[in-house]
Amino acid sequence: MKEEQSFTEEQEVTAAEQEPVNEAGAAEAQAEEIADHEQNELARLKAEAEEQQQRYVRAQADFDNFRRRTQKEKEELAKYASMKLVTELVPVMDNFERAMATVPEGTESESFSKGMQMIFRQFETVMTNEGLTTMKSVGQPFNPEFHQAIMQVESDEYEEGIVVEEVQKGYMLKDKVLRPAMVKVSS
């Protein structure tokens with residue numbers, strides 16, 4: 001009986017030892033499950049944070065591009081603010097030149113002519129200060145960006161495709177063509 005008792009005690013001891021092991025295993029499994037869940041949640045949050053960071057970087061780049069573009073537009077607007085006025089004054093300048101070319105000779109008209117020339121030079125200076133420059137066309141190769149061909153003429157003096165005569169002056173306002181020159185081109 002003593003053997004039976006000791007066998008029963010051993011079973012109880014073994015069962016008592018296994019019970020905490022089962023509880024410890026269950027607790028371990030539960031801890032692992034919680035750790036996996038936390039790892040998944042951490043990975044999801046990291047991915048979300050990365051996505052938000054990328055959105056922020058793109059938004060910042062878009063804003064920088066917008067700022068540069070508007071700054072460039074403001075500079076261009078300031079640079080060409082007088083364009084409309086200068087465009088309207090160019091025909092006046094042309095008429096002024098034509099009128100000065102037809103002044104008759106004589107003592108009375110000579111003083112008038114000198115006065116007109118002084119006024120014209122002053123007008124030219126104002127226009128030049130605004131950035132208006134006259135294109136040099138005669139002797140230059142024809143360029144449709146700067147010239148408007150109105151006629152082709154035979155020429156012994158110039159090669160084919162060279163501007164022979166300027167019928168109407170062309171003007172540039174800073175670095176833009178304000179009005180192309182009307183020209184005759186050699187053929």
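Numbers below:
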read-out	value
Centroid-to-centroid separation of region 115-187 and region 22-84 [C-alpha atoms, Å]	56
Heavy-atom accessible surface of the chain: percent carbon and sulfur, 1.4 Å	53
Fraction of antiparallel bridges per DSSP, region 133-187 only, in percent to nearest 5	60
Accessible area per residue in Å² at 1.4 Å probe, computed on the chain	78
Proximal charge balance of residue 51 [Cβ under 15 Å; K/R count +1, D/E count -1]	+2
Leading residue at positive end of dipole, region 25-79 (Cβ point charges), from 35, 25, 61	61
Debye-sum result for region 53-159 in log10 I(q)/I(0), which assumes one identical scatterer on each alpha carbon, at q = 0.11, 0.18 Å⁻¹	-0.67, -1.06
Pairs beyond 29 Å (Cα-Cα), from 84/136; 114/136; 79/114; 84/169; 114/169; 79/136	79/114
Point-charge dipole on Cβ atoms (K/R +1, D/E -1) for the chain, about Cα centre, debye to 20	2900
Highest-fluctuation residue, 145, 73, 108 considered, GNM on the chain with Cα pairs under 10 Å	108
Cα-based Kirkwood hydrodynamic radius, the chain, one decimal, Å	25.6
Summed residue charge, Cβ within 15 Å of residue 94's Cβ, Lys/Arg positive, Asp/Glu negative	-1
25 Å Cα-Cα reach of residue 46 towards lysines, excluding residues that sit fewer than 8 places from it in its own chain	none
Accessible-area value, residue 167, 1.4 Å probe, nucleic acids and ligands omitted, Å²	80
Value of Rg to Rh for region 116-187 (Rh from inverse mean 1/r over Cα pairs, i.e. Kirkwood)	1.08
With Cα atoms, 0 to 90° folded angle of helix 107-129 axis to the chain main axis	10
Full-extension gain in nm, residue 150 to residue 68, via 0.36 nm per residue minus C-alpha separation	25.4 nm
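The values are calculated or read from the model by the stated rules, or taken from the named source; none is laboratory data. The shown structure was predicted, so the numbers you read here are calculated from the model rather than taken from an experiment. Every residue, glycine among them, receives a Cβ derived from its backbone with ideal geometry; neighbour counts consider all protein chains shown. All accessible areas refer to the heavy atoms of the entire protein, side chains included, with ligands and DNA or RNA removed. Shrake-Rupley method; radii C 1.70, N 1.55, O 1.52, S 1.80 Å.
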